[in-house]
Amino acid sequence: MQWSSQCRYLGVCFVSGRAFRCSFDQCKCRYYRAFNAVFSKAGRLASEEVVLDLIRNKCLPVLLYGVEAFPMLVRDKRSLEFTVTRSLIKLFQTGSATVVSDCVNFFHFLPVSYQIDIRTAKFLENFMCSENYICTIF
């Protein structure tokens, strides 16, 4: 049997350690792959609003898969936020994160940390309203 410091289950990569943690490296790679696919097809031809909508609906679910099921550290949220910011820097053709934040506010694109909080709240609400006996215990 081979010893491993990571275990992947249902698309989520768990990391061994004292505390319960997950790794987002594969999620980031998959996000960049999805973003580059969208950007290569529609990046220069479509408007920024269309590309942002594609990112919101096609790329972000890849990045945020399963984040609502476990507690996230602030550094993990910042890391995911940086991943999205880097791709938006490429979209808006700028080197400034402040310009990207202004563009994101203009297009009503929620920051990743807010999206994670919303997803977590919906997950916990569905968990609490579940009819499953085990869910009601917790």
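The values are calculated or read from the model by the stated rules, or taken from the named source; none is laboratory data. Computed from a prediction, not measured in an experiment: that's the story for all the values here. We place every Cβ from the backbone using ideal geometry, glycine too, and count neighbours over all the protein chains shown.
Yes/no per residue for (1) among the small types (Gly, Ala, Ser); (2) touching a helix residue (DSSP H, G or I) at 6+ places or on another chain (Cβ under 7 Å); (3) touching a residue at least 12 places away in the same chain (Cβ under 8 Å); (4) more than 15 Å from Tyr31 (Cβ to Cβ):
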| position | (1), (2), (3), (4) |
| --- | --- |
| Ala46 | yes, no, no, yes |
| Val50 | no, yes, no, yes |
| Leu54 | no, yes, yes, no |
| Gly66 | yes, no, yes, no |
| Pro71 | no, no, yes, yes |
| Val74 | no, no, no, yes |
| Val84 | no, yes, yes, no |
| Ile116 | no, yes, yes, no |
| Tyr133 | no, no, no, yes |
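Quick one: in the range 90-131, which of the residues that are among the small types (Gly, Ala, Ser) and assigned to a loop (DSSP other than H, G, I, E, B) is farthest from Ala34 (Cα to Cα)?
It comes out as Ser130.
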(1) surrounded by 13 or more Cβ atoms within 10 Å (Cβ to Cβ); (2) under 17 Å from Ser23 (Cα atoms); (3) more than 13 Å from the chain's Cα centre (by Cα); (4) among the β-branched types (Val, Ile, Thr) all hold for Ile89 apart from (2)
Within the range 23-31, is there a residue that is of a type in the set (D, E, K, R) and at pLDDT below 85? yes
Would you list the strands (runs of 3 or more DSSP E) that sit entirely within the range 1-58 and hold 2 or more residues that are under 17 Å from the mean Cα position of the chain (by Cα) and not aliphatic (A, V, I, L, M)? 12-15, 21-23
Residue list for the range 31-60, filter: surrounded by 14 or more Cβ atoms within 10 Å (Cβ to Cβ) and among the acidic types (Asp, Glu): Glu48, Asp53
In the range 1-22, the residues that are under 29 Å from Asp53 (Cβ atoms) and either of a type in the set (A, V, I, L, M) or surrounded by fewer than 16 Cβ atoms within 10 Å (Cβ to Cβ) (or both): Leu10, Gly11, Val12
Those residues that are among the aliphatic types (A, V, I, L, M) and either part of a helix (DSSP H, G or I) or surrounded by fewer than 14 Cβ atoms within 10 Å (Cβ to Cβ) (or both), I need them from the range 61-83; list them, please. Val62, Leu63, Val67, Ala69, Leu73, Val74, Leu80
Can you tell me how many residues in the range 80-138 are acidic (Asp, Glu) and touching a Leu at 6+ places or on another chain (Cβ under 6 Å)? 0
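Just for the range 72-86: of the residues that are more than 12 Å from the chain's Cα centre (by Cα) and modelled with pLDDT of 85 or more, which one is farthest from Phe14 (Cα to Cα)?
Arg86
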